[in-house]
Each structure stands twice: as C-alpha cells, then as structure tokens.
Amino acid sequence: MNTFKYIDGSLHCEGVDLSVLEEKHGTPSYVYSKKTIEENAKAYVNSFTNTRNLACFAVKSLSNLSILKIIKDAGCGFDIVSGGELHRVLSIGAEPKKIIFSGVGKTKNEIQQGINSGILSFNVESESELYRIEKIADDIESPAPISIRINPDIDSGGHDYITTGRKGDKFGISDTRKVIDLCKYAHQSKNLKIVGLACHIGSQILDLDGFMKSADKIFELADELENFDISLEFLDLGGGLGISYENEVPPSPLDLISCLEDKFKNRKERLILEPGRSISANAGVLLTKVEYIKDNFLIVDAAMNDLLRPSLYKAHHDVCNVKDKKDNLKKWNVVGPVCESSDFLAKNASLDVHEDDLIVVKNAGAYGFVMASNYNSRPKACEILIDGDQSKIIRQRETLDDLLEKEKIEND
Ligand code: LLP
C-alpha cells in the first residue's frame, strides 16, 4: 500500500505533511512509514500457511533499531551478516532462534558472538569457515548450528553487482560433492550440528523462476543427504524479491510463498526466506531541498553520501515535488554538492521546481541510509518515523562535532 500521497496539494506520509518535517527537523532526512513497514513484513508472515516457516528480514537493507523492532513485532526473524547487525537485533529483543548469520567473511569474534547468543544457524559459505566454526565451538564448548550455503549457478537477472548465485560469484559453495562431504563431516562432528541448506541468488529479482530452480537444487541435495541419515530442519531460499522502482511488476510475497509452499508440501523441512528490499524499500523516502538551479541541474542538499544507489549502480529512483505542481514541468538532473560527477540522485526527472523547494527521492528505504557515508565530511541525515499523524526522530542528524569525535590531533 502507498502511504505516501498528496493531500490538499502537499505530499504526506500517512497523516504527516512532509513540508512540516522540513520546518521541524531540516533536510536531508530519511522518512519512513511505520504502516508500510508493518504491512510489508506481514505480507510475508501472513502468507505462510505453515506456521513453522519463517521470514528473516535482511538487516543490511535497513537497520534502524525502531524499524527492526516493528519488523520483529510483525513476526519476522532476522538475517544478519556482521557482529554489528547481531548486536542491533539482540538489542531490540530478537529471539536468537530466529536469527540466521550469513556472509562470506565471518571473523572469529563474530562466530563466537553468534554461538554465545544461541542463534538458529550460521550459513556457512566455505570449507575454511566450517572448520573455523568447529574450532571455536570446541574452544567454548558449545556446539554450533550450521547450514551450508550452496551456490546453485543460477543467474537471477538484474545488475551484475547484486547477482550472487552464479558460479564465479564469491558466495556459497558451488561444488555439490563438496557440499555433501561437508555435511557428512559436520554430521559426525561433536562440535557442529548441521541443521539446513541455504542459498541466495541475488537481489531485485522480478520473476519466480530462479527461486523455483534453487528450490529444486536444494531439494536434490537434501534428498541425497537423507541417504546418509542427515535430516535437515530447514531449507533457506534467501531473499531477493524485487520492487517497482520504474514500472517493474514484481511477484508479491504471497505469489512467492504460495509457489514455494506448494513445492514444499511433501517435505518435512521448514522454509526460511531472507527478504530485505521488498519489506523496506517503498517504506522510505529521502526528503531534500533544492539549494541552487543551474542550467538543467537541480543542486539539492542530499548527495551520493546519503543515497549511493544511483551513483553505484546507476539505479533509478523516482523523484517528485512535495508541493504538487505540474504547470512548468522541465527535465532536470538532480545532483548533490559532492565533488564527483557521479554524484547524482536522478537524471531527466520531470519536475516543476524552484530554488528552496522540497523534493523527495522515492523507494529509498532499502539500501539507502545503511549505505550512507561521511564523504566530503558531510554529517549523515536524520531518520524520521511516521506513525499516523506523529513524526518521531529515530536517528538524530549527525552534528559537525560527531564528525570529529573519533579523531585526535597527534602530538597536540
Ligand atoms: N540474504 C542475503 C544472504 C543477502 O546477501 C541479501 C542481500 C539478502 C538476503 C536480501 O536481499 P533483498 O531481499 O534485499 O534483495 N545494495 C544493493 C543490494 C545488495 C543486496 C545484498 N544482499 C542495492 O542497493 O540494490
């Protein structure tokens, strides 16, 4: 559902006029709709007919604590990829048995942190990682639950940088013999407990084919493991469902889950998914002000350090006015103040604008604030949560002093 809409000629998020937010909190700001986050998370949770199945929200897509709490309360678990993300989800009271730890480079400390927290599983991405987990589990005398992430050699389509399931991508293990051998090894290890198989083939996926093929590959492997008396608790098919940035028509969570549950109907393993973008993207916008107009450039106060996706992937984000005006539409390149030609938020955006006007960059909830940096010594934007007619700051705008906080002048 779209909770961003014009009311009396001004763009609102739920019941709050975005132009009021500028007066209260300044710009640039990330603005999220609580209702949309909740609805998107529940679209997964409520689509499962088997209540043992679980959606683990990919924290990397949007990791603000207030947002994570909303997603937890909607019934999701979490997919994490670092000790930092583990710290975040534990601090909002996530149930350890609903936490999956993915990622190719888990450090010793992170593994220790995961075992000590009692997470559901580590998605193991290499042979070396498996031995490292086993050793740490032995040292701290606490067996570690693991699943092997396979690389199914499936091209999910989409941008090269976010396709992860092709042979040659750094993720998972592509040699099926090796997967079987590692599972057998883990099965007889007193320090490991093999609980699942996992895969994740990419992001912004627009059809279900890849998911179905991944399920087939995973089923084949799980069936072979049964021959060695290895029974798995779950099969994790990752995240990746796309959203509509530019008129794409992605399948819904219900479409995905109905097809998968149909495939799973004679199986005893639970289904786990790791959705990120499809829960967080359309729940957030980046609110920014036009500072200057020059030629066909709108120079705004947000930049690539706030929202990197256009610069990094040439990703398209719709841009629109906060005040609903269409009399003087012109094509604009929306750019930030950062000293790089790649610093743009949108190209050829059709807008009727003047200096000091507010505009929003849409679908910025996923991989938006989480990829922000302090490049050009720019303090990070604030994050605001809208709940009905209330707006609440859920992360303060950084100050100039924050920028210097960790540094010191040597010999001073
Ligand atoms: N699980 C794993 C293991 C992942 O690596 C990812 C995303 C997800 C789940 C969630 O995928 P989603 O449902 O959000 O597509 N920065 C890029 C996207 C990178 C995705 C990385 N992995 C972007 O802005 O498009």
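Pairs linking a residue in region 111-123 that is not assigned by TED's automatic domain parsing to the domain that holds Asp139 and outside any loop (DSSP other than H, G, I, E, B) to a residue that is at pLDDT 95 or above and of a type in the set (Gly, Ala, Ser), with Cβ atoms under 6 Å and 6 or more positions apart or on different chains, do not occur. Remark: Leu65 falls outside the filter, which requires a residue to be touching a residue at least 24 places away in the same chain (Cβ under 8 Å), within 15 Å of Ile119 (Cα to Cα) and not assigned by TED's automatic domain parsing to the domain that holds Ile393. When Lys289 is tested against (1) touching a residue at least 60 places away in the same chain (Cβ under 8 Å); (2) in a loop (DSSP other than H, G, I, E, B), exactly one condition is not met: (2). Scanning region 343-366 for residues that are open to solvent by less than 40 Å² (accessible area, probe 1.4 Å) and outside any strand (DSSP E or B) returns Asp343, Asp352, Val353, Asp357, Asn363, Ala364, Gly365, Ala366.
Which condition from (1) under 19 Å from Ser126 (Cα atoms); (2) within 16 Å of the ligand (Cβ to nearest atom); (3) outside any loop (DSSP other than H, G, I, E, B); (4) touching a Ser or Thr at 6+ places or on another chain (Cβ under 8 Å) is the one that Gly210 breaks? Failed condition: (1).
Apart from one condition, Met212 fits all of (1) open to solvent by 10 Å² or more (accessible area, probe 1.4 Å); (2) more than 30 Å from Asn348 (Cβ to Cβ); (3) in contact with a strand residue (DSSP E or B) (Cβ under 6 Å, 6 or more places away or on another chain); the exception is (3). The set of residues in region 277-322 that are surrounded by fewer than 24 Cβ atoms within 10 Å (Cβ to Cβ), within 12 Å of the ligand (Cβ to nearest atom) and not aromatic (Phe, Trp, Tyr) comprises Leu308, Arg309, Pro310, Ser311, Leu312, Lys314, Ala315, His316, His317.
Could you please find all residues in region 46-65 being buried (at least 18 other Cβ atoms within 10 Å of the Cβ) and away from the ligand (no atom under 13 Å from the Cβ)? Please lay out each step first, then the result.
The first filter runs over region 46-65 and keeps only residues buried (at least 18 other Cβ atoms within 10 Å of the Cβ), leaving 47-48, 53-64.
Scanning region 46-65 gives Ser47, Phe48, Asn53, Leu54, Asn64.
Residue selection: Gly83 fails the criterion of being on the phi > 0 side of the Ramachandran plot and in contact (Cβ under 8 Å) with a residue 12 or more places away in the chain. Within region 327-342, being open to solvent by 60 Å² or more (accessible area, probe 1.4 Å) and small (Gly, Ala, Ser) holds for one residue alone: Ser341.
Between Glu233, Glu224, the distinction of being within 22 Å of Ala58 (Cβ to Cβ), open to solvent by 20 Å² or more (accessible area, probe 1.4 Å) and either of a type in the set (Asp, Glu) or touching a residue at least 24 places away in the same chain (Cβ under 8 Å) (or both) belongs to Glu233 only.
The values are calculated or read from the model by the stated rules, or taken from the named source; none is laboratory data. Being a predicted model, the structure only gives us computed values, none of them experimental. Here the Cβ is made from the backbone with ideal geometry for all residues, glycine too, and neighbour counts use every protein chain on show. Heavy atoms of the whole protein, side chains included, go into the accessibility calculation; ligands, DNA and RNA do not. Shrake-Rupley method; radii C 1.70, N 1.55, O 1.52, S 1.80 Å.
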